[in-house]
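The values are calculated or read from the model by the stated rules, or taken from the named source; none is laboratory data. These numbers were taken from a predicted model, which means no experiment stands behind them. Backbone-built Cβ (ideal geometry, glycine too); neighbour counts: all protein chains shown.
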Amino acid sequence: MSRRRVALLAAVGALVAAPAAHAHFAFVPGEVPARSFARLQLQVPNEEPNESTVRVAVEIPESVLFVRVPPTPGWQVEVEREPLDEPLLVGDRRVEERITVVQWSGGEITGSNSQSFRLRIAVPRAAGQTLAFRATQTYSDDQVVQWIGEPGSENPAPLLTVGQVDPSAESVQIRQAPAEEPPPPPSTTTDEETETEEEAPEEAETTAAPSPDEDDDGVSAPLLVALALGVAALFAAGIWLMARRRSG
């Protein structure tokens, strides 16, 4: 094999090996439509052959107001939040704070392997901007690598480009939330008064006041008079019959 061919093969091999040796944090896809609800994968390479990646943290740009973090098998997720200046409605959900940092830990990226971490974000409305997601990578020997540099630097921050609006892309509506109605004023009645008010209807339903024409046994006065007159009439009739028999 000629020296020229050997040199050419060596150059090609170096070009192929270079990206693997100098892999960076990167989003897939690297461009998403404006106003969409994008599904992202953050590709994280392990660049220390004798150490493992044990923690990854990503800062969410201020213009990204809503984030969801699907689970990654083998990794635990922690998030940091901050209150929004004004509450928002994301779809029909009221949101009063946003996620500022997402951190994955508990797993391990070994050797020359890489790991994909999933994010879902509400992409800002303005197309043409580039979002930088500053990140840190912690190794098993406690070494921390900061991926916060400019493009072309040794450790550039992962970037996401906001493209033109795509009507066919999944979207999420974000708008300012209406002011919440104030709670009703607290009641000024005491517990004792409240119990009395609640018990009064029950007494009215279960206990009826006696009629003015009834005695304690529930018998009306006209009925007693009628009974008395009937007894008197029977007694008078009996006396009349006895007197007639004697005269006969």
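Only one of these is under 23 Å from the mean Cα position of the chain (by Cα) and either among the hydrophobic types (A, V, I, L, M, F, W, C) or within 13 Å of Val64 (Cα to Cα) (or both): Ala179, Ala132. Name it. Give the steps one after another, and end with the answer.
On the way: Ala132 fails: under 23 Å from the mean Cα position of the chain (by Cα).
Every option except Ala179 fails the conditions.
Of the residues Pro73, Pro49, which is without any contact (Cβ under 8 Å) to a residue 60 or more places away in the chain, over 20 Å from Ile148 (Cβ atoms) and exposed (fewer than 15 other Cβ atoms within 10 Å of the Cβ)?
Values: Pro49 fails: without any contact (Cβ under 8 Å) to a residue 60 or more places away in the chain.
That would be Pro73, the only listed residue that is without any contact (Cβ under 8 Å) to a residue 60 or more places away in the chain, over 20 Å from Ile148 (Cβ atoms) and exposed (fewer than 15 other Cβ atoms within 10 Å of the Cβ).
Taking into account only those residues within the stretch 52-65 that are over 16 Å from Ser112 (Cβ atoms) and of a type outside the set (A, V, I, L, M), which is surrounded by the most Cβ atoms within 10 Å (Cβ to Cβ)?
Arg55
Determine which member of the set Ser187, Ser105, Ser114 is at pLDDT below 95, within 35 Å of the chain's Cα centre (by Cα) and of a type in the set (Ser, Thr, Tyr).
Working: Ser105 fails: at pLDDT below 95; Ser114 fails: at pLDDT below 95.
After applying the criteria, what remains is Ser187.
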